[in-house]
Structure formats: C-alpha cells, structure tokens
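The structure appears below as structure tokens.
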Amino acid sequence: MSIVTNKRILLVSLKLSVSAYETKFGGKKRGRFLITRSDLRELLGVSKLTTDTIDKLAEECLSIDLALIDMEDCFAVMETNMILNWRKITSRLVEEFRNEIDSELTEDEELEELLTCIGTDALNEEDEEDE
C-alpha cells in the first residue's frame, strides 16, 4: 500500500462525487450512499485510516459540495446541499435546552454540596462520640 498523497485524496473525492454518487446501484439512479472503512482504505491505498487522512478527505469532499460523515463502521456520503436543507433548530429551543441543562447541573451541584456537608457532619458526630 502507498502513502496517501494530496493528489490521491483529490482523486478519491472526485470518484466518490462524480463516479459513485452518479452511478446506479442499490436500486437508485444516483444519490447518497455508505462506504465501508475497508473499501475507503482500498480506494486510498492504505492499510490503516488515520484521523489525518480522514480529515483531509472530508475537507476535500466539502470543497466539491460532498459531505463525508464518519459513522464508526462506515462513512455516509451525501451532497452538502441536502444537509443544508434539513430543519434547523431554533434559538428559542437552544435557550430552553441550555436552561434545562443548567438547572440540572445546579441541582446536581446543590445535592453534591449537601452530601458533602452531611458527610462532614457525620464525621464530626463520629469524632464527638469517640471522645
């Protein structure tokens, strides 16, 4: 297997975009698809996928409007404009969720503080009993 060059990364991104994305397979004329880690390793000509190689390939794919999403066992490949058309979370929901998280964390901190105080008090009581 060879070292992954920038030229190879460019060629692989073009194959994913132009060739694979536009090729009929899996019952579809064109469109999004999954590629296994081993198949991607084969295309890149490496025995191991490094984070650096994946990042470079993902960046190259983005430059041609293709998203490469690491899904652990495989990679999802789709046009970025499809992703950009997904529904967007509202600022109101983000604020609501943040407030809920902050509230839960505050409750946890208060509980932890209470347990610490109770623990300290219990230790003090044990010391007093020993005397």
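Can you pull out every residue in region 82-92 that is assigned to a helix (DSSP H, G or I) and loosely packed, with under 10 Cβ neighbours inside 10 Å?
Hits for region 82-92 are Ser91, Arg92.
For region 54-86, give me the residue count where each residue is among the aromatic types (Phe, Trp, Tyr) and farther than 12 Å from Val12 by Cβ.
Taking region 54-86 as the starting set, the residues that turn out to be among the aromatic types (Phe, Trp, Tyr) are 75, 86.
Filter once more, so that each one left must be farther than 12 Å from Val12 by Cβ: 86.
So the count comes out to 1.
What's the total number of residues in region 10-59 that are under 26 Å from Asn81 (Cβ atoms) and either outside the structural domain of Asp70 (by TED's automatic domain parsing) or loosely packed, with under 11 Cβ neighbours inside 10 Å (or both)?
Of the residues in that region, 8 qualify.
If you check every pair at least six apart or on different chains, which have Cβ atoms under 7 Å apart with a residue in region 108-128 that is part of a helix (DSSP H, G or I) first and a residue that is of a type in the set (Asp, Glu) and modelled with pLDDT of 65 or more second?
none
State the number of residues belonging to region 24-75 that are part of a strand (DSSP E or B) and either in contact with a strand residue (DSSP E or B) (Cβ under 7 Å, 6 or more places away or on another chain) or in contact (Cβ under 8 Å) with a residue 24 or more places away in the chain (or both).
10
The values are calculated or read from the model by the stated rules, or taken from the named source; none is laboratory data. Not measured: the values here are computed from a predicted model. Please note: Cβ atoms are built from the backbone with ideal geometry, for glycine as well, and neighbour counts cover all protein chains shown.
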